[in-house]
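Quick note: the coordinates plus some simple rules give every number you see, no bench work behind them. The shown structure was predicted, so the numbers you read here are calculated from the model rather than taken from an experiment. No Cβ is skipped: glycine too gets one built from the backbone with ideal geometry, and neighbour counts run over all protein chains shown.
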Amino acid sequence: MTEAMIEPVLLSLRLASVTTLVLLALCVPLGWVLARAKGHWRPFAEAFLTLPLVLPPTVLGFYLLVLLGPEGPFAPLHLVFSFWGLVVGSVVFSLPFVLRPIQSAFEAIPDSLLHSAASLGAGPWQCFTELAVPMARRGIISAAILGFAHTLGEFGVVLMIGGNIAGKTRVLSVAIFDAVERLDYATAHGLSLGLLGFSFAILLGLSWLNGRAARP
């Protein structure tokens with residue numbers, strides 16, 4: 001593997017790792033709140049947070065570019081065409097892929113267990129950290145793996161926000177696109193096959209994890 005191929009791979013792995021950590025920090029408490037919520041606002045919150053599932057990446061990337069760009073409210077942060085801009089875009093785009101499995105894992109916890117813990121003197125924080133999170137750990141692990149893999153293969157949003165700057169914003173998917181544009185099919189094949197193999201391994205691992213969880 002040449003240096004030109006290694007650079008976007010390492011940058012993509014760094015982006016996926018940072019994005020996954022941010023998403024877990026956001027989605028674990030958010031998934032718990034949504035799982036326990038009973039108000040009329042819940043469907044609106046869920047619809048808003050899962051919009052990236054149905055929005056074309058270019059649409060999402062365009063509005064993020066408007067918000068983060070020179071004329072946007074977050075212009076002083078200088079996030080456009082930077083690594084941290086890619087993180088912001090990846091977090092927004094991959095959020096539902098991490099949030100939904102975590103929320104579902106929390107919703108699967110019987111209310112009777114939580115009520116029993118509360119009746120024994122456990123406060124809300126104890127119920128969350130010592131009961132709910134350990135019981136939902138498989139869902140959280142699956143969400144983390146899915147979020148990492150999804151971030152690794154994202155193209156539209158990262159291209160809109162980060163462009164194609166070598167060593168700075170040229171992630172794996174953009175490098176593949178760039179290689180195809182140059183008619184460098186050898187590089188495109190090498191990067192694509194690597195991503196294909198990794199994606200298959202991720203799905204295989206998730207299938208094994210879910211199958212193991214389903215066994216008594």
* Using helices alone, what [θ] at 222 nm do you get for the chain, with -39,500 (n - 2.57) per DSSP H run of 4 or more residues, divided over all residues and rounded to the nearest 500? -> -23500 deg cm²/dmol
* To do: Rank-order 8-20, 66-78 by packing density, defined as the average count of other C-beta atoms within 10 Å over each peptide's residues, highest first.
  => 8-20, 66-78
* Quickly rank 22-35, 187-200, 150-163 as a protection proxy: mean count of other C-beta atoms within 10 Å, highest first. => 150-163, 22-35, 187-200
* Would you calculate the separation in nanometres between label points at Phe48 and Glu181, each defined as 7 Å from the Cα along the Cα-to-beta-carbon direction? => 3.6
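Please list the helices of the chain that count as membrane-span-like by this rule: a mean Kyte-Doolittle hydropathy of at least 1.0 together with Cα atoms stretching 30 Å or more along the helix axis, each helix being a complete DSSP H run. Don't jump to the answer; show the numbers that get you there.
Values: long enough: 3-36 (49 Å, 1.52); 83-107 (34 Å, 1.24); 185-214 (42 Å, 1.03).
Long hydrophobic helices here: 3-36, 83-107, 185-214.
Grab the eigenvalues of the alpha-carbon gyration tensor for the chain, scale each by 5, take roots, and send me the semi-axes largest first in whole angstrom. Don't skip to the end; give the middle numbers.
Values: eigenvalues 254, 95, 35 Å².
The equivalent ellipsoid of the chain has semi-axes of 36, 22, 13 Å.
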* Cα gyration tensor shape for segment 119-210, rounded if a/c is under 1.5, else prolate or oblate -> oblate
